[in-house]
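The values are calculated or read from the model by the stated rules, or taken from the named source; none is laboratory data. This is a predicted model, so every value here is computed, not measured. Please note: Cβ atoms are built from the backbone with ideal geometry, for glycine as well, and neighbour counts cover all protein chains shown.
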Amino acid sequence: MAYGAKVVLDAVDLDIPRGQVVALLGPNGAGKTTTVEILEGFRRPGAGEVEVLGVDPAHAPEAWRARVGVVLQSWRDHGTWRVAELLEVMGAYYAPYATPEVQRPWDTEELLERVGLADHHRQRIDRLSGGQRRRLDVAIGLVGRPELLFLDEPTTGLDPAGRRDVHDLVADLADLDTTILLTTHDLAEAEKVADRLLILAGGAIVADGSPDELRLQLSRSSEVRLRDLTTGEVSVHAEPDPTAYLTEVLTARRGEVQVVEVRAASLEDVYLDIVRRAEAGDDLGSLRSLQEVTR
């Protein structure tokens with residue numbers, strides 16, 4: 001996928017099983033939004049095949065769209081709507097697509113209770129706080145009881161309590177066999193709510209696995225901090241075998257350096273290093289190989 005001469009996505013290969021909660025992470029400009037828009041059917045890929053719920057999103061019928069929920073970073077609607085009224089109007093769209101297996105739409109009172117807005121059902125939208133508005137965004141995405149839910153930065157603007165509520169809601173939806181793909185810049189959030197993490201950098205998925213798998217596979221290097229005893233400067237080195245490295249350095253520079261700290265690199269360290277290298281335009285070929293070892 002390219003915009004003019006700039007390649008945004010390059011041979012992204014992605015398969016998400018039903019009921020999985022997947023977090024898509026990456027730096028700004030990595031292609032997260034483009035990937036999600038292609039899967040939602042809002043943008044056509046430059047090449048390749050896309051299938052979501054058994055259908056090509058670019059040519060999906062209305063019945064398919066009723067099975068998909070979308071939570072954007074922000075919505076544009078009339079501020080004079082009241083919370084429950086808006087959900088009733090939005091929910092009416094899904095009523096013709098109810099099935100014996102799936103009741104559509106979600107009951108408004110129950111949904112407002114789920115997202116923490118039960119006490120604001122008659123409040124005008126333009127009088128909601130930022131956090132309350134975000135909860136309403138989530139409710140709009142859920143009103144049709146989607147089989148697949150796209151969450152774009154779902155906790156933006158929420159206080160810690162609101163973030164926890166959304167995290168709990170994601171867990172509840174996973175228990176209901178709802179497939180969820182969320183984008184986030186928050187690695188800690190992704191680790192908490194997702195079964196699987198995808199790191200997108202340089203137009204490709206460079207790491208793919210559960211939080212535990214990525215922590216094991218990607219965090220094998222250690223961070224070694226050394227102080228030069230002459231200048232006092234501290235240098236940081238990422239080493240897969242810190243013992244061998246220290247043996248070599250301390251033998252070659254006996255009395256010149258002091259070991260300050262040795263610690264295992266965390267998943268966050270590795271993620272930030274991937275982001276740094278992607279933003280610097282480094283060759284990500286070695287990073288792409290990580291996708292193979294984490295599958």
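Of all the residues in the range 151-165, those that are surrounded by fewer than 23 Cβ atoms within 10 Å (Cβ to Cβ) and under 23 Å from residue 35 (Cα atoms) number 3.
Number of residues in the range 63-110 that are more than 18 Å from residue 132 (Cβ to Cβ) and either aromatic (Phe, Trp, Tyr) or under 25 Å from the mean Cα position of the chain (by Cα) (or both) equals 11. May I ask you to verify whether residue 108 is surrounded by fewer than 12 Cβ atoms within 10 Å (Cβ to Cβ) and among the hydroxyl-bearing types (Ser, Thr, Tyr)? In short, no.
Here's the yes/no breakdown for (1) more than 17 Å from residue 151 (Cβ to Cβ); (2) at pLDDT 90 or above; (3) out of contact with any helix residue (DSSP H, G or I) (no Cβ under 7 Å at 6 or more places or on another chain); (4) crowded, with 16+ Cβ neighbours inside 10 Å:
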| position | (1), (2), (3), (4) |
| --- | --- |
| 9 | yes, no, no, yes |
| 29 | yes, no, yes, no |
| 34 | no, no, yes, yes |
| 40 | no, yes, no, yes |
| 51 | yes, yes, yes, no |
| 66 | yes, yes, no, yes |
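Scanning the range 202-215 for residues that are among the hydrophobic types (A, V, I, L, M, F, W, C) and either within 13 Å of the chain's Cα centre (by Cα) or closer than 14 Å to residue 13 by Cβ (or both) turns up 204, 205, 206, 207.
For the range 198-208, the criterion of being surrounded by fewer than 20 Cβ atoms within 10 Å (Cβ to Cβ) and closer than 19 Å to residue 151 by Cα is satisfied by no residue at all. All conditions but one from (1) touching a helix residue (DSSP H, G or I) at 6+ places or on another chain (Cβ under 7 Å); (2) surrounded by 20 or more Cβ atoms within 10 Å (Cβ to Cβ) apply to residue 178; the one that does not is (1). Inspect all residues belonging to the range 116-125 and state whether any of them is modelled with pLDDT under 90, crowded, with 19+ Cβ neighbours inside 10 Å, touching a Leu at 6+ places or on another chain (Cβ under 8 Å) and assigned by TED's automatic domain parsing to the domain that holds residue 181. Scanning the range 116-125, I find no residue that is modelled with pLDDT under 90, crowded, with 19+ Cβ neighbours inside 10 Å, touching a Leu at 6+ places or on another chain (Cβ under 8 Å) and assigned by TED's automatic domain parsing to the domain that holds residue 181, so the answer is no.
Could you tell me whether residue 262 is farther than 30 Å from residue 138 by Cβ, over 27 Å from the mean Cα position of the chain (by Cα) and outside any strand (DSSP E or B)? The answer is no for residue 262. Counting only residues that are within 15 Å of residue 141 (Cβ to Cβ) and modelled with pLDDT under 90, the range 77-94 holds 1 of them.
Filtered by the rule that a residue be assigned to a loop (DSSP other than H, G, I, E, B) and in contact (Cβ under 8 Å) with a residue 60 or more places away in the chain, the range 116-142 gives no residues.
Going through (1) assigned to a loop (DSSP other than H, G, I, E, B); (2) under 26 Å from residue 210 (Cβ atoms); (3) modelled with pLDDT of 75 or more one by one, residue 271 falls short only on (1). Among the residues of the range 217-271, the ones that are surrounded by 14 or more Cβ atoms within 10 Å (Cβ to Cβ) and among the aliphatic types (A, V, I, L, M) come to 12 in all.
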